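*Asks:* The structure that follows is given in the form of structure tokens.
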Amino acid sequence: AQSVTQLDSQVPVFEEAPVELRCNYSSSVSVYLFWYVQYPNQGLQLLLKYLSGSTLVKGINGFEAEFNKSQTSFHLRKPSVHISDTAEYFCAVTHPGGKLTFGTGTRLTIIP
Amino acid sequence: DAGVTQSPTHLIKTRGQQVTLRCSPISGHKSVSWYQQVLGQGPQFIFQYYEKEERGRGNFPDRFSARQFPNYSSELNVNALLLGDSALYLCASSLRPGNEQYFGPGTRLTVT
């Protein structure tokens, strides 16, 4: 069975400051890892994904994440946040062909 | 190109009623998955369909059922509604199971 833990339910950050949203996973098999963003009253939009290869993955809107197999982590980072980044962020894991298992989400609030 | 579409956008039902939610995948996508997102939580996997066959089912009671049509659109049915079924129901499509999933805007179901 797979599981995902997002350690922070809420993260307030000042505008133009850096941010890191933490994600840890557990799985007995190889997995694919994803970060999704959900803006208010909308569905989920894929930010980035790790399937294989380079452990540093770059996504949309200036976000990046690093896959660390030894620490079973896939933390999301952005060097400088904007007001428009205010949203809920979900980390998810799946093994090839399988369902997506999501974390409980991290609400990112940008303070002007 | 149109993304994943879902109907209706919002729905209000009373306990004990039945509801049908609809999803149209991105053109060319043959796999559809359904997720339930209760307020404040991450999405939970309900069903996955591929080429009109059920390929996976989450931990949901038999009151939940789904099907996929020859045009790859899908319906999710929930019978004997409970207050706890109130949630955002998300549909996602992909070329095939294991490929990147694209989410629709969701159907918000309120059970009173």
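The values are calculated or read from the model by the stated rules, or taken from the named source; none is laboratory data. All of these numbers come straight from a predicted model, not from anything done at the bench. A quick note on method: Cβ atoms are made from the backbone with ideal geometry, for glycine too, and the neighbour counts reach across all protein chains shown.
*Asks:* Starting from residues that are over 15 Å from the mean Cα position of the chain (by Cα) and touching a residue at least 40 places away in the same chain (Cβ under 8 Å), keep the ones in region A:56-80 and report whichever is surrounded by the most Cβ atoms within 10 Å (Cβ to Cβ). Outline the logic, then answer.
*Replies:* Restricting attention to region A:56-80, the residues satisfying the condition of being over 15 Å from the mean Cα position of the chain (by Cα) are A:69-71, A:80.
With the extra rule that they be touching a residue at least 40 places away in the same chain (Cβ under 8 Å), the set shrinks to A:71, A:80.
Working: A:71: 10, A:80: 12.
Restricting to residues being over 15 Å from the mean Cα position of the chain (by Cα) and touching a residue at least 40 places away in the same chain (Cβ under 8 Å), the top hit is A:80.
*Asks:* Residues of region A:62-112 being assigned to a loop (DSSP other than H, G, I, E, B), at pLDDT below 95 and more than 10 Å from chain B (Cβ to nearest Cβ), which ones?
*Replies:* Selection gives A:69, A:70, A:71, A:72, A:112.
*Asks:* Looking only at residues in region B:15-39 that are within 12 Å of chain A (Cβ to nearest Cβ) and in a strand (DSSP E or B), which one is farthest from residue A:91 (Cα to Cα)?
*Replies:* Looking only at region B:15-39, we keep the residues that are within 12 Å of chain A (Cβ to nearest Cβ), and these are B:23, B:31, B:33-39.
Within this subset, residues satisfying the condition of being in a strand (DSSP E or B) are B:23, B:31, B:33-37.
Details: B:23: 24, B:31: 21, B:33: 18, B:34: 17, B:35: 15, B:36: 16, B:37: 14 Å.
Looking at the filtered set, the residue picked out is B:23.
*Asks:* Starting from region A:1-19, take each residue that is within 11 Å of chain B (Cβ to nearest Cβ) and list its partners that are among the aliphatic types (A, V, I, L, M) and surrounded by 11 or more Cβ atoms within 10 Å (Cβ to Cβ), counting only C-beta distances under 6 angstrom and pairs at least six apart or across chains.
*Replies:* A:2/A:93; A:4/A:93
*Asks:* Check whether at least one residue in region A:6-18 is out of contact with any Ser or Thr (no Cβ under 8 Å at 6 or more places or on another chain) and farther than 15 Å from residue A:89 by Cα, and report yes or no.
*Replies:* yes
*Asks:* Looking only at region B:40-58, how many residues end up being at negative phi and more than 11 Å from chain A (Cβ to nearest Cβ)?
*Replies:* Number satisfying all stated conditions: 3.
*Asks:* Could you list, in sequence order, the residues of region A:5-33 that are assigned to a strand (DSSP E or B), surrounded by 21 or more Cβ atoms within 10 Å (Cβ to Cβ) and modelled with pLDDT of 95 or more?
*Replies:* Listed by number, the list holds a single entry, A:21.
*Asks:* Scan region B:49-69 for residues that are closer than 14 Å to residue B:22 by Cα and not in a loop (DSSP other than H, G, I, E, B) and jot them down.
*Replies:* From region B:49-69, those closer than 14 Å to residue B:22 by Cα are B:49, B:64-69; that's our starting set.
Correct list: B:49, B:64, B:65, B:66, B:67, B:68.
*Asks:* Still on this structure: Report yes if residue A:57 is modelled with pLDDT of 95 or more and farther than 20 Å from residue A:71 by Cα, otherwise no. Steps first, answer last, please.
*Replies:* On the way: modelled with pLDDT of 95 or more: yes; farther than 20 Å from residue A:71 by Cα: no.
So residue A:57 fails the test.
*Asks:* Residue pairs, Cβ under 6 Å, 6 or more apart or interchain, first in region B:41-58 and surrounded by fewer than 16 Cβ atoms within 10 Å (Cβ to Cβ), second among the β-branched types (Val, Ile, Thr). List them.
*Replies:* As it stands, the answer is B:41/A:104, since those pairs meet every condition given.
*Asks:* May I pose another question? Starting from region A:20-48, take each residue that is within 11 Å of another protein chain (Cβ to nearest Cβ) and list its partners that are modelled with pLDDT under 90 and part of a strand (DSSP E or B), counting only C-beta distances under 8 angstrom and pairs at least six apart or across chains.
*Replies:* A:32/A:94; A:34/A:94
*Asks:* Go through (1) more than 20 Å from residue B:102 (Cβ to Cβ); (2) touching a residue at least 24 places away in the same chain (Cβ under 8 Å); (3) not in a strand (DSSP E or B) one by one and return the number of the condition residue B:12 breaks.
*Replies:* (3)
*Asks:* Any idea which of B:70, B:97, B:105, B:61 is closer than 24 Å to residue B:28 by Cα, without any contact (Cβ under 8 Å) to a residue 40 or more places away in the chain and not acidic (Asp, Glu)?
*Replies:* On the way: B:97 fails: without any contact (Cβ under 8 Å) to a residue 40 or more places away in the chain; B:105 fails: without any contact (Cβ under 8 Å) to a residue 40 or more places away in the chain; B:61 fails: closer than 24 Å to residue B:28 by Cα.
Going through B:70, B:97, B:105, B:61 in turn, just one is closer than 24 Å to residue B:28 by Cα, without any contact (Cβ under 8 Å) to a residue 40 or more places away in the chain and not acidic (Asp, Glu): B:70.
*Asks:* While we're on this one: Specify which of the listed residues (B:111, B:78) is among the hydrophobic types (A, V, I, L, M, F, W, C) and in contact with a Phe, Trp or Tyr (Cβ under 6 Å, 6 or more places away or on another chain).
*Replies:* Details: B:111 fails: in contact with a Phe, Trp or Tyr (Cβ under 6 Å, 6 or more places away or on another chain).
B:78 is the lone residue from the list that is among the hydrophobic types (A, V, I, L, M, F, W, C) and in contact with a Phe, Trp or Tyr (Cβ under 6 Å, 6 or more places away or on another chain).
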